[in-house]
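The values are calculated or read from the model by the stated rules, or taken from the named source; none is laboratory data. Please read these numbers as outputs of a predicted model, since none were measured by experiment. For neighbour counting, all protein chains shown are included, and Cβ atoms are generated from backbone atoms with ideal geometry for every residue, glycine included.
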Amino acid sequence: MVDTANPNAHEDISSPLDDRMDLRSLRGVVLTGLCCAYVTAVLWNFFRPIEQMAIIPFHVYVTVAIVLLAKPMHSSAWFAGSTIPPRLLDVLDWIMVATCLALCAHYASEAIRLQTRMQYIDEVFFTDKLAFFAGTIVLLEAVRRQVGLVLLILLVVFLFYAFFGNWFPGALSFSGFSVDEATDILSMQTNGIFDVPAQVGLNVITFFVVFGAIFTMTGGGAVFIDLAFRITGRMVGGAAKSAVIGSAMFGTVSGSAVANVTTTGVLTIPLMRRGGLTPEQAAATEAISSSGGQLMPPIMGTAAFVMAQILGRPYIEVAMAGLIPAIGFYFALFMTIDLRARKLGALKRVEREVPPLGPRLHLLAGPISLIIALFAGYSANYAAIIGIAVALAAPFLRAHTRPALKDLAWMMPISGRQAAEIAVACTSVGIVMAIAIQSSLVLKFVGVLSQLGDGNLFLSLVLIIFGCIIMGMGMPTVAAYIVGSVLFVPALTALDVPTLSAHYFILYYCVLSMVTPPVALTAYAAAGLSGGNILKTGMLAFFYGLVMFVIPFGFIRDEAILGQAGTMSVAVAFIGMIIATFSWSVFLQNWLGRVLWLPERIAFGALSFAIIIQPSDSVLWFALCAGLVGLMGWCLFSRGLRAKPVPVTQGD
């Protein structure tokens, strides 16, 4: 699971990420050393477990130190044009890094006491309070540098609420925590800063980051892209379809939308441009395809690992519940591209020389072994260890894929930095979780949402959708999902929505926020590669991904879509999902062999939505499916009634 990827890594895996990992500078030496020490400690903890209150703080504060070194204060836009000497800012960086290491030493020396003390009863020492304040400050600064202001502001607001809850009006008011209480809740137990998000980062995510880095850097990612082009390259709209297939496959080992864009987009976007798409169309297609990688089992995004931990269910069980919706999403996207190409008469095939795949297929042994291990019932981190071992060994099977030892040496520091960049955002949200629960804000929020929704499920869902999208603007998906799960899932379960359905509902809309203007992170990354207009790219990506708005409503009414039913019911739900998402593609593109009449287009959209939200075991569901099949047959039968080609427009 790679959060940031070098798009040319498979071509030159020996090069460091940037000059801050250059061993000719002190910063680069320390950064590289910390990354190696971090990955080594995490792997050591897997084989020889260390005390929880020693290894979790180590994970938190070493990853914070890595981010502080990798993103120097003097390079921040905040200090652009500042009269403050860069050397002084560097001194502040080193002070904060030293603070992180001191915090690691503090928790290592106090681990036994912290694990055996009685919460809220045993004394909170001055050193504990000092560690809490120092740790919170360096964590917030790392969040500012790595994630940005949106998450930082959210954290500051919640911390302010924790201490000054009595300043808030009405139902939000509470007495507030004392310094001792806040220290106890947030930094002296496996809650708060060291809660589930930090634990998942330590025990699961880092392993998948290491696996993803090794697999991508040894050429496995390139195999996915070439394989996708082999499958779709000669089809109508083949270049765009290869972006969809390649991003879906790469998403199984990446789980990061931005990593998907930067890794697959450098190849697919130029191909789509050669196929006749505008820069905005090419970038939007890549952005929405890459966003879906977080939803594609069996290796989904970071949020899915957190979901499994929160639910207390095996990861593979949680991940595979999302298989039918993910297939429905990618099928709709695939058919949208196909219909768009046929509608615009863009039938040009793009030629690209693809290196032979046969001599490189052994590189896929890593992800295949990982997936087999997951299905065999091994834990997520154990399966990742198997995948890492196989992914490291596979390139040595043939001379032309065998990496040099100096290239392998860079895998550990690069994967350590990538893991740190994910961990900082993930860890920080533990503060929100602890404060929201301990202050009873969750229960108050459920009451407020119940009043606004007036007990109406549909209205409550609409309100939650807006909340998820707003939170997701400028925040990583995992951070938005964790906050959403804390605030919104209890409200949904109070309306009798199954817990798994509620979590998936939140996850989908947090992923959708990645392509929702005005802050659409994947669309921005893709537009940077294509040279297209950022806002227009975001709007097009949002339009292409509208099917993602519809699918989650099916979770609420029909658990079979998430595989939570008998085999026959799940199979029927899958067929319905394919029919409904194809209908949605027809509705969006206004084309099925010909331009649709307005009543036909409205009927396709209405029937698609109705089939998705209607339980698949009802008579009405079968009637709706039959009506949709009949409508498709009519449109194909009457193709000669309307002219087929339509003018190609730059804004489509």
In the set 5, 65, which member is at pLDDT 95 or above and either within 22 Å of residue 211 (Cβ to Cβ) or out of contact with any Gly (no Cβ under 6 Å at 6 or more places or on another chain) (or both)? 65
Across the range 24-63, the tally of residues that are over 18 Å from residue 111 (Cα atoms) and among the charged types (D, E, K, R) stands at 2
Filter pass, residue 578 being among the β-branched types (Val, Ile, Thr) and either touching a His at 6+ places or on another chain (Cβ under 9 Å) or under 21 Å from residue 334 (Cβ atoms) (or both): yes
Starting from the range 314-329, take each residue that is within 15 Å of residue 378 (Cβ to Cβ) and not assigned by TED's automatic domain parsing to the domain that holds residue 508 and list its partners that are surrounded by fewer than 23 Cβ atoms within 10 Å (Cβ to Cβ) and hydroxyl-bearing (Ser, Thr, Tyr), counting only C-beta distances under 9 angstrom and pairs at least six apart or across chains. none
Given the structure, is residue 269 within 27 Å of residue 502 (Cβ to Cβ), in contact (Cβ under 8 Å) with a residue 60 or more places away in the chain and among the β-branched types (Val, Ile, Thr)? no
Single unsatisfied condition, residue 525 versus (1) part of a loop (DSSP other than H, G, I, E, B); (2) farther than 26 Å from residue 441 by Cβ; (3) not β-branched (Val, Ile, Thr): (1)
Does residue 246 fit the bill of being crowded, with 24+ Cβ neighbours inside 10 Å and modelled with pLDDT of 80 or more? yes
If the requirement is being surrounded by fewer than 19 Cβ atoms within 10 Å (Cβ to Cβ) and among the aliphatic types (A, V, I, L, M), which of these qualifies: 486, 448, 497? 448
Considering 530, 501, 513, 569, which residue is touching an Asp or Glu at 6+ places or on another chain (Cβ under 8 Å), under 26 Å from residue 269 (Cα atoms) and not basic (Lys, Arg)? 530
Out of the residues in the range 91-127 meeting the condition of being over 30 Å from residue 32 (Cα atoms) and among the acidic types (Asp, Glu), tell me which one is surrounded by the fewest Cβ atoms within 10 Å (Cβ to Cβ). 123
Quick count over the range 561-578, residues being surrounded by 21 or more Cβ atoms within 10 Å (Cβ to Cβ), more than 24 Å from the chain's Cα centre (by Cα) and of a type in the set (A, V, I, L, M), is 1
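Is it the case that the range 423-430 has a residue that's under 21 Å from the mean Cα position of the chain (by Cα) and in a loop (DSSP other than H, G, I, E, B)?
No, every residue in the range 423-430 fails to be under 21 Å from the mean Cα position of the chain (by Cα) and in a loop (DSSP other than H, G, I, E, B).
Provide a single number: the residues in the range 366-390 that are over 15 Å from residue 298 (Cβ atoms) and out of contact with any Ser or Thr (no Cβ under 7 Å at 6 or more places or on another chain).
3
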Just checking, how many residues over the range 52-84 are in contact with a Phe, Trp or Tyr (Cβ under 9 Å, 6 or more places away or on another chain) and farther than 18 Å from residue 102 by Cβ? 2
Output yes when any residue across the range 479-500 is modelled with pLDDT under 85 and either touching a helix residue (DSSP H, G or I) at 6+ places or on another chain (Cβ under 7 Å) or more than 30 Å from residue 133 (Cβ to Cβ) (or both), and no when none is. no
For the range 394-447, how many residues are out of contact with any Leu (no Cβ under 6 Å at 6 or more places or on another chain) and of a type in the set (Phe, Trp, Tyr)? 2
Flag for residue 591 being modelled with pLDDT under 95 and crowded, with 20+ Cβ neighbours inside 10 Å: yes
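Could you please let me know if residue 79 is under 32 Å from the mean Cα position of the chain (by Cα), at pLDDT below 95 and of a type in the set (Phe, Trp, Tyr)?
yes
Quick grid of which residues meet (1) surrounded by fewer than 24 Cβ atoms within 10 Å (Cβ to Cβ); (2) touching a residue at least 60 places away in the same chain (Cβ under 8 Å); (3) within 18 Å of the chain's Cα centre (by Cα):
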site	(1), (2), (3)
200	no, yes, yes
203	yes, yes, yes
211	no, yes, yes
217	no, yes, no
225	no, no, no
228	no, no, no
231	yes, no, no
237	no, yes, no
241	no, yes, no
Filter the range 177-222 down to the residues that are modelled with pLDDT of 90 or more and touching a Lys or Arg at 6+ places or on another chain (Cβ under 7 Å) and list them by number. 179, 183
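Looking at 259, 171 in this structure, which one is assigned by TED's automatic domain parsing to the domain that holds residue 53 and either modelled with pLDDT under 85 or among the acidic types (Asp, Glu) (or both)?
When all the criteria are applied, what remains is 171.
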Among helices (runs of 4 or more DSSP H) entirely within the range 440-490, at least 2 residues that are over 22 Å from the mean Cα position of the chain (by Cα) occur in 441-453, 457-472
Restricting to the range 413-425, name every residue that is at pLDDT below 90 and closer than 18 Å to residue 55 by Cβ. 422
Here is a check on your reading of the model: is residue 223 out of contact with any Ser or Thr (no Cβ under 9 Å at 6 or more places or on another chain), closer than 20 Å to residue 386 by Cβ and assigned by TED's automatic domain parsing to the domain that holds residue 525? yes
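For every residue, the table says whether it meets (1) in contact with a helix residue (DSSP H, G or I) (Cβ under 6 Å, 6 or more places away or on another chain); (2) part of a helix (DSSP H, G or I); (3) β-branched (Val, Ile, Thr); (4) without any contact (Cβ under 8 Å) to a residue 60 or more places away in the chain.
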| position | (1), (2), (3), (4) |
| --- | --- |
| 292 | yes, yes, no, no |
| 306 | yes, yes, yes, no |
| 355 | no, no, no, no |
| 362 | yes, yes, no, yes |
Residue 171 of a type in the set (Gly, Ala, Ser), touching a residue at least 60 places away in the same chain (Cβ under 8 Å) and either touching a helix residue (DSSP H, G or I) at 6+ places or on another chain (Cβ under 6 Å) or more than 30 Å from residue 76 (Cα to Cα) (or both): yes
